[in-house]
Amino acid sequence: MQPLIVRALPQGGWELIAGERRLRAAQLLGLERVPVLVREMASDLMLETALIENIQREDLNPIELAHAYQTLKARRSWSQAELADHLGKKRSSVANTLRYLALQTQIQEALQDGRVSEGHVKVLLSIEDASERMRLFEEAISEGLTVRLLEDRVLGGEAGAVPTVGPNAGGNAAPQVETSKRRRGVRRKDPAIAHEEQMLASLLATRVTIRERRGRGRILIDFYSLEDFERLRNAILQGVRQRAPS
């Protein structure tokens with residue numbers, strides 16, 4: 001259905017540029033002939049074509065995809081926006097995938113072999129302190145935390161309480177419940193606040209977190225590179241200028 005892409009070798013024969021899986025499938029089926037497109041292509045362009053072909057595969061894990069993005073971006077000296085445009089991908093999607101390369105090796109390996117999901121990793125990326133990120137990653141692995149429970153811990157709470165026996169109680173005394181700051185039940189986010197987060201995230205093409213308590217709080221806007229920061233800064237300033245009185 002889709003021809004292989006090859007180039008002719010000076011010494012004779014052909015070199016495969018794109019379609020390795022299709023070629024293997026054809027060999028397994030015992031096909032003697034397959035359709036091909038012959039292209040005259042320099043070695044550096046051949047590598048880029050192979051990279052783009054690889055990126056389009058659906059079975060790449062997120063870390064493999066991030067490395068492919070980074071290699072192609074570096075070879076062509078593209079910005080993240082240019083890379084996304086050439087690949088036909090959303091800029092926020094490309095930026096988020098490239099962020100995975102900033103994670104510790106243990107987290108990258110866990111994402112590759114499926115011990116944590118991309119949802120877990122996106123929560124971990126919100127933690128700036130590397131040692132705290134590793135601590136929560138190890139808890140997520142050892143305790144099998146869902147993405148929601150991991151988010152709760154990052155926000156500073158953990159549902160449930162730890163039963164302990166009071167110091168003056170007898171051996172048969174009923175357990176008392178001590179609730180530390182980290183053991184308090186997590187306050188559920190107001191649906192209206194969650195809706196506002198989604199609207200802002202869609203508008204700015206990045207993750208937005210609103211933390212509100214008793215009418216006060218903060219708006220956190222994630223950026224993943226200096227280039228991404230400039231994009232967000234310009235978008236916000238443009239909106240301010242449009243609303244400013246003339």
With +1 assigned to the C-beta of every Lys and Arg and -1 to the C-beta of every Asp and Glu, and no other charges, what is the dipole magnitude of region 1-41 about the Cα centre in debye, to the nearest 20?
120
With no solvent and one point on each alpha carbon, what is the Debye value of log10 I(q)/I(0) for region 63-112 at q = 0.17, 0.18, 0.27, 0.31 Å⁻¹?
-0.48, -0.53, -0.99, -1.18
Out of Q242, A194, T206, whose Cα points farthest toward the positive end of the dipole of region 188-243 (charges: +1 Lys, Arg; -1 Asp, Glu; placed on Cβ)?
A194
For region 116-157, report the translational diffusion coefficient in µm²/s to the nearest whole number, using Stokes-Einstein at 25 °C, 0.890 mPa s, and a Kirkwood Rh over Cα pairs.
248
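FYI, it's all coordinate maths here, none of it is from the lab. Computed from a prediction, not measured in an experiment: that's the story for all the values here. Reconstructed Cβ throughout: ideal geometry from the backbone, glycine too, with neighbour counts over all protein chains shown.
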